[in-house]
Amino acid sequence: MTKTRPPYTPEFRRQIVELVRAGRSPDELAKEFEPTAQSIRNWAAQSERDAGRRSDGLSNAERDELSRLRRENRQLRLERDILKKAAAFFAREADAEGRT
């Protein structure tokens with residue numbers, strides 16, 4: 001069974017990214033601190049995206065907006081489906097009343 005640990009705090013990530021910007025390599029920082037070198041590279045890249053210096057992915061703000069829009073879309077589809085079923089139900093009721 002693999003060990004899981006709580007996510008690194010945003011402050012810790014910021015400090016590591018600052019060290020990368022200061023010239024330290026992710027491999028060197030990985031040996032000194034706990035995260036993997038790839039995690040450190042990912043954090044540095046995301047920080048660059050958030051600052052607008054990279055365009056090869058979504059910034060955190062864009063990612064948050066995308067999540068919010070997907071949630072909203074799911075809710076709207078659910079409401080639409082409920083209204084569609086209600087309209088069909090009332091149409092059948094009105095049709096049945098018209099026959100009697």
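The values are calculated or read from the model by the stated rules, or taken from the named source; none is laboratory data. The model shown is predicted, which means the values in this text are computed figures rather than measured ones. The accessibility values were calculated without ligands, DNA or RNA, using every heavy atom of the protein model including side chains. Shrake-Rupley method; radii C 1.70, N 1.55, O 1.52, S 1.80 Å.
Points to keep in mind about this one:
- Equivalent ellipsoid semi-axes, the chain, via Cα gyration tensor eigenvalues times 5, rooted, Å: 54, 16, 8
- Solvent-accessible area per residue for the chain (1.4 angstrom probe, square angstrom): 83
- Across region 50-100, the volume of the C-alpha convex hull divided among the residues equals 59 Å³ per residue.
- Shown for the chain: the carbon plus sulfur share of the solvent-accessible area, taken with all protein chains present and a 1.4 angstrom probe, equals 54%.
- Computed over the chain, relative contact order equals 14 percent, with contacts defined as Cα pairs under 8 Å that lie 6+ residues apart.
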